[in-house]
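What follows is a short report on a single structure.
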Amino acid sequence: MQRILAVAVIFFVAFIFVIYNYYYAVNFPYQDDFLLIQFIETISQGGLGVAGVLKEMFRTFNDHKAAVPRFISLMEYYATGRLNFRFYIVLVSVNLIYIFYFLYLEFKKSRLPLIYFLPAPFLFLQPLYHEISNWALTGMQHSYLTAFTVTAIILVSRRSNPAFYGAMFCCFLATFTHGNGILSFPAIIFYFLCLKDFKRAILTTVFMITCFLIYIIGYESGQAGKLPNDVISFLSSLFGFIGSSMSLWSQPVLWSAVWGIVMVAFMVFIVFKIARTYFNEPVTVKPGTVELLALFAFIFITSTVIAIFRSWAGSTIASRFQIYASLATVIFYLMLIDYAAFFRKKSVLTVVIGLSIFYCAYSYYKFTGMVAGQKTTYLADVYNWKTNRNMFSVEKSITRNADFYLTPGYEKGFFHLPDPVVEKPQLDSMFAAARRSEVDYQIYMEKWDMERLSREKVEILTHYFISSTELPARKGLLGDRFLVLKDRQNGQLHLANANPKVEAREKIVANGTYYKPGFHSFFRKDDLAAGAYDLGILDVSDEGEKAFFLLDKSLLVTTAGLTLQ
């Protein structure tokens, strides 16, 4: 009965995770996703031949040769004539479940009851790394390279020649999925060194050097790389990267670094335990240990490389990297129950399961507002692109520089978007029918000046937030709230995300309401053309039902910035 319950819980957590990712996914490209549109636009012009297609597929972009994601987009283009970014997010979810299955396979070797595995789904299948689980290209890069790495580990553990060469092919694919994919080779070398299999360790090194030489053909350096400014920032980034599953709490940099140090110290202890075999000392190594250590080694080496080249800009704690932190935490737990009898006590297990459930629930609480805001932003930009050929999800400079392939891709049909949540005639009729409200919506504006570091300079970015915490009335957890802006001069209409701010924790628990009343919208200084804009709020339910509220203030946009009137 206990096993059946454990299986049911694991499947339930996985099901919620997959449905959550699918619900908040939109078939709309964001930032780096444009790379796939550019690739297909180049291919669609024809005349490249096989050599030309391979050259484009392996072209460097921002330090990475994303050949595998490009290949997937090419196959979809040949099969359907379109790119579907929501489909790519489904592939990401499949990869994440497969990676989780690898963790289960290694746990299974311990022969412990399945209930001991229950903390793992709560610690791993949650939205901490939502930039992977809900971002098409970034998600494919990190999930595929990790899936290739764990497959390589599975293959080398079979200790046969065909499996070894299969593992080398997986490492090759990982290398041409994301820049740190080549670090899968050192993880496999580490695996063989733990087993004192020097022949295969040397062969893996040869394959790695060969793969690296292929990688640097046509390589172009990106803009993010620079050596660290000091040792403290390097170490903070190194351990904070590994331990950033603790970034949910206050003082995220500190607690992430502390957690990373604890996990690395324990892994070093296990490595030294295994290293005693080099001195012919008797050592008991539990099944699955070396495989889990190899994956942790991949995470540690990745963290080291990222800390070396990116810690100059501050902490390397970022959602797109936190899949590795979540993996590291699960690996740490699986090793603890293998090597520390204390963590196999039923009372301790009960506490760990309880803490894991709380951690998972808190992660959903903390990130759902952000994930939902991204969904609403993309839905707004589906309308904005189809109607006005503009986007608010990325900076104007990005769409301006990408226009030479975005517009042709849209006109050719492979950059295909779903139907917008509302059409312009509907919005026109809503504005025409609405009377200006005499109710004070208590709208206010905040102006933030932000610094953005690059290798050459520090940019000052001006951001504006238009908000109310009073009206319109509170929206439910599902559905979307948009800010509608109507240009008084030419009648052009724009949509922007207006999901409200998240309610305080105690009110969520007491009242069961996730959002505050009102709305919250973000604009950059140059998002909107100069002019005066009437404002309205549009609520759209998942069933397509709409409610419109004309606001009591308007927005004035000038070269000096944004002001409410």
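With the highest mean first, a sort of the peptides 232-241, 388-397 on other beta-carbon atoms found within 10 angstrom per residue produces 232-241, 388-397. Dividing the summed -39500 (n - 2.57) terms of all DSSP H runs of n ≥ 4 by the residue count of the chain sets its mean residue ellipticity at 222 nm at -18000 deg cm²/dmol. Seen against the Cα atoms of the chain and their longest principal axis, helix 184-194 is set at about 30 degrees. Solvent-accessible surface of the range 305-376, averaged per residue with a 1.4 angstrom probe and all protein chains in place: 36 square angstrom. Against the main long axis of the alpha-carbon atoms of the chain, helix 231-242 sits at an angle near 90°. Taking every C-alpha pair closer than 8 Å and separated by at least 6 residues, the mean separation divided by the residue count of the chain gives a relative contact order of 14 percent. Here the chain exposes an accessible surface that is 63 percent carbon and sulfur, computed with a 1.4 Å probe and the other protein chains kept in place. Going out from 0 in 5 Å bins, what whole percent of all Cα-Cα distances in the range 51-90 drops into each bin? All Cα pairs considered, the percentages come to 6, 23, 26, 23, 17, 5, 0. At the listed q of 0.14, 0.20, 0.24, 0.26 Å⁻¹, the Debye profile of the range 363-444, built from one uniform point per Cα, gives log10 I(q)/I(0) equal to -0.71, -1.05, -1.15, -1.21. From largest to smallest, the equivalent ellipsoid semi-axes obtained for the range 288-364 from the alpha-carbon gyration tensor read 28, 18, 8 Å. On the principal axes of its alpha carbon atoms, the chain extends 85, 63, 48 Å, with the longest extent given first.
Using heavy atoms of the protein chains and a probe of 1.4 Å, the accessible area assigned to TRP259 is about 60 Å². Counting only protein chain heavy atoms and rolling a 1.4 Å probe, the accessible areas of ASP449, ASP480 rank, largest first, as ASP449, ASP480. With all protein chains in place and ligands, DNA and RNA left out, the 1.4 Å accessible area ranks LEU173, LEU334 as LEU173, LEU334, largest first.
Once both labels are positioned 7 Å from their Cα atoms along Cα-to-Cβ, the gap between GLU438 and PHE212 label points is 7.6 nm.
In the context of the full set of protein chains, residues of the range 123-265 present 39 Å² of accessible surface per residue (probe radius 1.4 Å, heavy atoms only). Residues THR469, THR368, THR559, THR350, sorted by accessible area with the largest first, give THR559, THR350, THR469, THR368 [1.4 Å probe; ligands and nucleic acids excluded].
Under the rule a/c < 1.5 gives rounded, and otherwise a/b versus b/c splits prolate from oblate, where does the range 270-322 land using the Cα gyration tensor? Prolate. Subtracting the Cα-Cα distance of LEU195 and THR407 from their residue separation scaled by 0.36 nm leaves 70.8 nm.
Counting only the Cα atoms, the range 350-395 fills a convex hull of 59 Å³ per residue. With all pairs of different C-alpha atoms in the average, the Kirkwood value for the hydrodynamic radius of the range 145-259 is 16.0 Å. Database remark: amide H of ASN499 closer than 5 angstrom to the amide H of ARG481, HIS520 (H placed geometrically; neighbours at sequence offset of 5 or more, or on other chains; Pro and chain starts carry no H). Highest mean first, the peptides 81-87, 158-164 sorted by other C-beta atoms within 10 Å per residue fall in the order 81-87, 158-164. Pairs from the list LYS486/LYS546; LYS412/LYS525; LYS366/LYS475 with a Cα-Cα gap above 24 Å: LYS412/LYS525. I'd like to know which of ALA147, ILE306, LEU74 lies farthest towards the positive end of the charge dipole of the chain, counting +1 on Cβ of Lys and Arg and -1 on Cβ of Asp and Glu. Of the listed residues, the answer is ALA147.
Nearest 10 degrees is fine. How inclined is helix 252-275 to the longest principal axis of the chain, computing both from alpha carbons? Compared with the principal axis, the helix lies near 20 degrees.
Each principal axis of the Cα cloud of the range 325-483 was evaluated for its coordinate range; sorted largest first, these ranges are 70, 45, 37 Å. When peptides 410-423, 13-26 are ranked by their average number of other Cβ atoms within 10 Å per residue, the highest-first order is 13-26, 410-423. Overall dimensions of the range 471-565, expressed as equivalent-ellipsoid semi-axes from the Cα gyration tensor (√(5λ), whole Å, largest first), are 28, 15, 10.
State, as an integer percentage, the relative contact order of the range 1-156 based on alpha-carbon contacts under 8 Å between residues 6 or more apart. Contact order relative to length: 35 percent.
Summary value for the range 185-308: 29 percent relative contact order, contacts being C-alpha pairs under 8 angstrom separated by 6+ residues. Using the Stokes-Einstein relation with a Kirkwood hydrodynamic radius computed over Cα pairs, the translational diffusion coefficient of the range 1-137 at 37 °C and a viscosity of 0.692 mPa s comes to 192 µm²/s.
The values are calculated or read from the model by the stated rules, or taken from the named source; none is laboratory data. Predicted model, so just to flag it, every value in this text is computed and none were measured. Virtual Cβ from ideal backbone geometry, glycine too; neighbours counted across all protein chains shown. We work out accessible area using only protein heavy atoms, side chains counted, and drop any ligands, DNA or RNA first. Shrake-Rupley method; radii C 1.70, N 1.55, O 1.52, S 1.80 Å.
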